[in-house]
Amino acid sequence: MATKDMVIRHDEPNLARLNLVLALNRTELSEWAREISVDAMGTISIRCTAPRHGLVPHGIDNDILLGLVNAAVLQGMPEDDTVRLSTRELLQLSGITPSARAYKNLQETLRRLQYTAYDLTDSWYDGTKHRWRTVSFSLISRLGAEDNTKDVSNAGQWRAETLLAIRLDDSLMSNIRAGHLLPLDTEVLSHLRQPMTRNVFRTLSFQCTGASQDSVLAFHVPLSIWATHLGMHELRSDSVMRALKPAHDELIKVGFLKSVDYTGRGKTRTIRYIFDNIRTVADPETVALLVRYNVSGSRALTLAQSYGAEGVQRAVAVLEALLQGSYKTKIRNRAGLLSDILENPDKYDTILTDVEGTAVSVEVDRKAQRVETEESPAPRDEKSARMILLNQLDDTEERRRLRDRAVELYVHHRASTLELMKLLRLSDEEADAFLTELEGR
């Protein structure tokens with residue numbers, strides 16, 4: 001995974017369990033169907049059909065889909081089911097290094113997700129009504145792209161500043177808004193190098209915790225069914241085992257799995273995954289809060305696991321109290337100080353008492369980290385910034401001033417698309433403070 005400071009935090013459980021995107025990096029399939037029982041939750045019945053002369057979603061398409069889910073979460077679960085961000089930001093959220101080739105592949109991925117049809121029979125769990133449904137959909141229902149620079153060369157070719165408006169399927173978005181989400185171990189995910197490994201990890205993460213939210217020690221399934229579930233259609237069992245071995249080795253190396261065992265022979269062979277129960281999944285919002293204060297991903301995970309959400313929020317409240325006081329100019333390493341507050345709370349007893357006495361609250365900030373831009377990039381188009389803001393800051397003179405400040409920051413690459421989207425959820429006073437913070441960095 002290319003980005004260390006971008007926190008990928010959630011999966012949608014249906015996507016993790018149903019495995020709508022084939023795990024294989026390459027495929028020649030234009031359609032597939034499966035009716036199998038992978039777990040105790042019931043039969044999975046799916047038919048997938050790509051458009052004429054097209055291929056079904058596969059490989060890295062799963063990473064992009066996860067990036068879209070997290071964009072929806074970060075942007076406050078938009079009511080119009082549409083996430084708005086640049087191609088570069090979507091790649092960053094998907095854990096993919098931006099490049100000319102990556103932009104081209106992204107365009108192909110989004111088209112596959114838009115035009116491939118899925119028919120699910122009693123297999124989609126509705127997180128709002130808590131029941132199984134029969135649904136037919138495409139994961140993306142609408143895709144719009146606009147060039148976000150004044151450079152008209154290579155028209156139609158996506159680049160870093162291409163602005164995307166992606167409407168996700170309403171069944172998927174309603175689940176996201178309902179909080180039907182699966183937290184992912186971001187530390188494990190950040191170390192997985194291959195799309196197939198990440199696919200197996202996400203699918204096993206659901207089996208480990210998603211079905212009941214209680215961690216289990218092991219998961220076993222007939223190898224033939226598991227191969228079909230991952231999209232390894234018509235492969236011999238020994239070929240499936242060879243294909244899965246690199247993923248298994250990597251998941252054991254990072255500590256997600258303790259071991260992988262096979263029993264039986266031929267069509268009766270079963271695969272058994274033993275999870276590493278020493279590793280616990282930290283609350284993703286707590287990890288995100290620590291990352292906001294520049295704590296590295298691995299360090300943030302360790303602290304979140306050790307001190308929990310309440311301990312971290314209390315430590316952040318102490319840090320904020322220090323930042324608001326006379327110590328502000330003396331604090332050069334916020335991450336180091338925050339770690340010290342967590343590990344040595346006795347040193348900060350007085351401040352901690354004051355903070356708890358005044359009931360200081362800390363809100364988890366869900367914005368993505370600002371994407372670093374290339375050296376001396378061309379100015380962005382003002383019209384794109386106003387489109388992102390959806391004309392929601394135009395009703396009063398004060399709000400128009402806020403809008404103009406935000407547009408200026410965006411044009412000169414000092415604010416990202418996700419940061420503009422955050423403004424739409426803030427009060428005028430909060431927006432002013434947020435813009436002041438952006439202007440000062």
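Is it true that residue 27 is open to solvent by less than 50 Å² (accessible area, probe 1.4 Å), at pLDDT below 95, in contact with a helix residue (DSSP H, G or I) (Cβ under 7 Å, 6 or more places away or on another chain) and of a type outside the set (A, V, I, L, M)?
Spelling it out, it is not the case that residue 27 is open to solvent by less than 50 Å² (accessible area, probe 1.4 Å), at pLDDT below 95, in contact with a helix residue (DSSP H, G or I) (Cβ under 7 Å, 6 or more places away or on another chain) and of a type outside the set (A, V, I, L, M).
For the range 401-420, how many residues meet the condition of being at pLDDT below 85 and assigned to a helix (DSSP H, G or I)?
Summing the residues that are at pLDDT below 85 and assigned to a helix (DSSP H, G or I) in the range 401-420 gives 6.
I'm trying to understand the selection: among the residues of the range 230-247, which are hydrophobic (A, V, I, L, M, F, W, C) and part of a loop (DSSP other than H, G, I, E, B)?
Selection gives 232, 235.
So which of 261, 249, 276 is more than 23 Å from residue 35 (Cα to Cα), of a type outside the set (A, V, I, L, M) and touching a Gly at 6+ places or on another chain (Cβ under 8 Å)?
Matching residue, one of 261, 249, 276: 276.
Go through the range 180-211 and report how many residues are open to solvent by less than 30 Å² (accessible area, probe 1.4 Å), outside any loop (DSSP other than H, G, I, E, B), closer than 30 Å to residue 128 by Cβ and of a type outside the set (Val, Ile, Thr).
Adding up the residues that qualify gives 12.
Quick test for you: out of 139, 68, 91, 110, pick the one residue that is open to solvent by less than 10 Å² (accessible area, probe 1.4 Å), free of Cβ contacts under 8 Å to residues at least 40 places away in the same chain and of a type in the set (A, V, I, L, M).
Residue meeting the stated conditions: 91.
The values are calculated or read from the model by the stated rules, or taken from the named source; none is laboratory data. Values in this document were obtained by computation on a predicted structure and should not be read as measured data. FYI the Cβ positions are ideal-geometry reconstructions off the backbone, even for glycines, and counts take in every protein chain you see. Side chains are part of the model used for accessible areas, which takes the heavy atoms of the whole protein and leaves out ligands, DNA and RNA. Shrake-Rupley method; radii C 1.70, N 1.55, O 1.52, S 1.80 Å.
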